[in-house]
Amino acid sequence: MPLMKPLTEQEIRAAFVNCTKGEAKRLSVPRDLAERPWCDLDFFGWRDPQAPDRAYLAAELDGRPVALALRCPSAASWQMRRSMCSMCLTTHTGGVSLMVAAKAGKAGQQGNSVGAYICSDLACPLYVRGRKDAGVGARLHESLTLEEKIQRTVVNLARFIAKVTA
Ligand SMILES: [Zn+2]
């Protein structure tokens, strides 16, 4: 089972693949990193409290930290319907956002981006583990084990990161 090792602020800032070094230096990283439940995280995601349209996530791919800067275009009314997170497959009412990542490198500079529907609070690992409740009917009844669900989330995330860095 993939286990994420705790990341420091410095490691996270150095891991961004789809924004400039200056942006990575300035963007808001939570101060309470040491208190986060790393052993229950397949990736660490957070919203920018100063900029509601920005979100970030950091993961470990092949033993190396990778972080993405994401934009969340303001919620449209249809987003208040029930929708499913493409990472963890949790269904929320109004709790899933379209998050758009500029592609890494030249492609991103030319304006190319990749979008995915992701839990608005980026707490997918906690929903998968039942540590956070998204309400009645949030999870499909599945015969998968917890480990298989975690693995699926990790694969979905790795695919998304691969599209960003492709
Ligand atoms: Zn999710």
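Remarks
- Search result, residues across the stretch 12-44 that are among the aromatic types (Phe, Trp, Tyr) and surrounded by 20 or more Cβ atoms within 10 Å (Cβ to Cβ): Phe16, Phe43, Phe44
- The combined condition, being touching a Ser or Thr at 6+ places or on another chain (Cβ under 9 Å) and more than 10 Å from the ligand (Cβ to nearest atom), is not fulfilled by Met87.
- Test: Leu140 is within 16 Å of the ligand (Cβ to nearest atom), at negative phi, of a type in the set (A, V, I, L, M, F, W, C) and loosely packed, with under 13 Cβ neighbours inside 10 Å: yes
- Looking across the stretch 122-148, the residues that are farther than 26 Å from Asp48 by Cβ and either in contact with a Cys (Cβ under 7 Å, 6 or more places away or on another chain) or without any contact (Cβ under 8 Å) to a residue 24 or more places away in the chain (or both) come down to Gly130, Val136, His141, Glu142, Ser143, Leu144, Thr145, Leu146, Glu148.
- Scan of the stretch 72-94 for residues that are at pLDDT 95 or above and part of a strand (DSSP E or B), ordered by number: none
- Set Tyr117, Tyr56: member being modelled with pLDDT of 90 or more, under 19 Å from Thr8 (Cα atoms) and not in a loop (DSSP other than H, G, I, E, B): Tyr56
- Residue satisfying all of: in the stretch 92-118; within 21 Å of Thr20 (Cβ to Cβ) and of a type in the set (A, V, I, L, M); surrounded by the most Cβ atoms within 10 Å (Cβ to Cβ) among these: Met99
Residues are listed down the side, and each one gets a yes or a no for (1) within 16 Å of the ligand (Cβ to nearest atom); (2) within 15 Å of Phe160 (Cα to Cα):
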residue	(1), (2)
Cys39	no, no
Trp46	yes, no
Pro52	no, no
Glu60	no, yes
Arg71	no, yes
Thr93	yes, no
Leu98	yes, yes
Ala101	yes, yes
Gly105	no, no
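- Check on Lys149, in a helix (DSSP H, G or I), within 21 Å of Phe44 (Cα to Cα) and basic (Lys, Arg): yes
The values are calculated or read from the model by the stated rules, or taken from the named source; none is laboratory data. Quantities reported herein were computed from a predicted structural model and do not represent experimental measurements. So basically every Cβ, Gly included, is an ideal-geometry build from the backbone, and we count neighbours across all protein chains shown.
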